[in-house]
Amino acid sequence: MSAPLLKLGAVLSTMAMISNWMSQTLPSLVGLNTTRLSAPDTLVILIMQSPKEGWQVYSSAQDPDGRCICTVVAPEQNLCSRDAKSRQLRQLLEKVQNMSQSIEVLNLRTQRDFQYVLKMETQMKGLKAKFRQIEDDRKTLMTKHFQELKEKMDELLPLIPVLEQYKTDAKLITQFKEEIRNLSSVLTGIQEEIGAYDYEELHQRVLSLETRLRDCMKKLTCGKLMKITGPITVKTSGTRFGAWMTDPLASEKHNRVWYMDSYTNNKIVREYKSIADFVSGAESRTYNLPFKWAGTNHVVYNGSLYFNKYQSNIIIKYSFDLGRVLAQRSLEYAGFHNVYPYTWGGFSDIDLMADEIGLWAVYATNQNAGNIVISQLNQDTLEVMKSWSTGYPKRSAGESFMICGTLYVTNSHLTGAKVYYSYSTKTSTYEYTDIPFHNQYFHISMLDYNARDRALYAWNNGHQVLFNVTLFHIIKTEDDT
């Protein structure tokens, strides 16, 4: 049912109720006989008195605004206006007014309900449209999801041959396992029958294997520094500054240790036959050098001590076996006596070191603006064979060491130090690195690499310690150029 029909039905129902009440109530109030007249659009209630006093009450069903109107026509006034009928008439008028007010309230409620019905009708229409939209969207979403599933299936299709290959590989692995079991049985049998082979033949095989292993080890001698672990504290002795070392070219049976305390005003070198003797303090021999040394960056290489002569840029080669100086040479333009030291000072201007390639000197010059210079030295004559100029300031370096022709530089000698810079003499290129190490005793005044031990020897604030190094090796084959 539409909204206008709802409105008309509510009004007509209300009017019928009013008409019924008036037809039954008004006569009883005035005590008169009643006659009802009807018309298509108007309800008329006629109340008759005696002909002499005749008066009428008319009730209109509805005005243009939809409200009910009642009209009363009274007789002329006379001296008897205050009789009982007059009072009944006044009561009737009051009841009609009350009724009109009630009808007005009812009309307002009807209007409000009508507006609510209109609003609900709009909402129902909107809801119906939404249901239609949802139905359409559901079809669209189903199509979209179906397409996505189809695309995923298309992506999975190429995996089918891969899975088939996995099955094939699994079969191969099973075959390999079986072959390994058979081979193990064969080897076990060979081991049982090994006594039947000729001893000379077996000996030649062992020598051949040993040669091949040595060739392989030669290919593994050099690598790139990847990691530093430790330290291992070997001993606690001496002052805050000093140096200790072994000869990287010495055999394991003659692994002597040399000990040089302090960085200046000293000429005494203490020798120990082994690490065990060094730890126990069993000194085997002392050497009184002809010159005081400067700094702590000395090195023992092939039986000789190389050190920087105090207050000079002269390098000294001293033979332990002969007990005398074999060579000395000035390192041209090299700064000395705390002109270009490491960050900790201590006359560490010139650093002598050795690696898998040979003997090196690391220093700085005015010509290179105080930046590090690397020079490869002839171990016999101390002549500079070749030099490389870097861009790293010597005074900003904590320590440095050579591994396989590459110089590695730390950024500090204190806690938090790390290998920060490296320079390759093979490619004449540098790179910044980030290789931390544990500075356990807070102050490092010596850090040198030993190629035989694959370790870093350090003097860590009166403690002699060792760091292990991890190198990245590239194995060269005969086909490599």
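When nucleic acids and ligands are ignored and a 1.4 Å probe is applied, Asp453 ends up with an accessible area of around 50 Å².
Any of Lys253/Lys394; Lys227/Lys309; Lys227/Lys426; Lys292/Lys426 with alpha carbons more than 32 Å apart? Name them for me.
Lys253/Lys394; Lys227/Lys309; Lys292/Lys426
Here Ser424 and Asp453 are evaluated by their C-beta separation; at R0 = 25 Å the FRET efficiency comes out at 0.65.
Just to confirm the filter: which chymotrypsin sites (Phe, Trp or Tyr not before Pro) across region 368-458 are DSSP coil and have at most 15 other Cβ within 10 angstrom of their Cβ?
On the way: sites: Trp388, Phe401, Tyr408, Tyr420, Tyr421, Tyr423, Tyr430, Tyr432, Phe437, Tyr441, Phe442, Tyr449, Tyr457; in loops: Phe437, Tyr441, Phe442.
Hits after loop and neighbour filter: Phe442.
Residues Phe336, Phe291 ordered from highest to lowest accessible area at a 1.4 Å probe: Phe336, Phe291.
Check each of the trypsin sites (Lys or Arg not before Pro) in region 362-460 and keep only those in coil by DSSP with at most 13 other C-beta atoms within 10 angstrom; list them in order. Could the numbers behind the result be given before it?
On the way: sites: Lys386, Lys394, Arg395, Lys418, Lys426, Arg452, Arg454; in loops: Lys426, Arg452, Arg454.
Here the trypsin sites (Lys or Arg not before Pro) that fit, given the DSSP loop and packing criteria, are Lys426.
For the residue pairs Lys235/Lys418; Lys235/Lys317; Lys317/Lys418, the C-alpha atoms sit more than 29 angstrom apart in Lys317/Lys418. For region 373-481, the alpha-carbon radius of gyration amounts to 1.17 times the rule-of-thumb value 2.2 N^0.38 Å expected for a compact globular protein. Listed values for region 449-466 are Karplus-derived 3J(HN,Hα) couplings in whole Hz (6.51 cos²θ - 1.76 cosθ + 1.60, θ = phi - 60°), namely 9, 10, 5, 6, 7, 6, 8, 9, 8, 9, 10, 10, 6, x, 10, 9, 10, 10, and x replaces Gly and Pro.
Counting other Cβ atoms within 10 Å of each Cβ, which chymotrypsin sites (Phe, Trp or Tyr not before Pro) in region 297-326 have at most 13 and sit in a DSSP loop?
On the way: sites: Tyr301, Tyr306, Phe307, Tyr310, Tyr318, Phe320; in loops: Tyr310, Phe320.
Of the chymotrypsin sites (Phe, Trp or Tyr not before Pro), not one in the loops of region 297-326 has a Cβ with at most 13 other Cβ atoms within 10 Å.
The values are calculated or read from the model by the stated rules, or taken from the named source; none is laboratory data. None of the values given here were measured: they were computed from a predicted structure. All Cβ positions, glycine included, derive from the backbone under ideal geometry; neighbour counts span all protein chains shown. Surface areas here come from the heavy atoms of the whole protein model, side chains and all, with no ligands, DNA or RNA. Shrake-Rupley method; radii C 1.70, N 1.55, O 1.52, S 1.80 Å.
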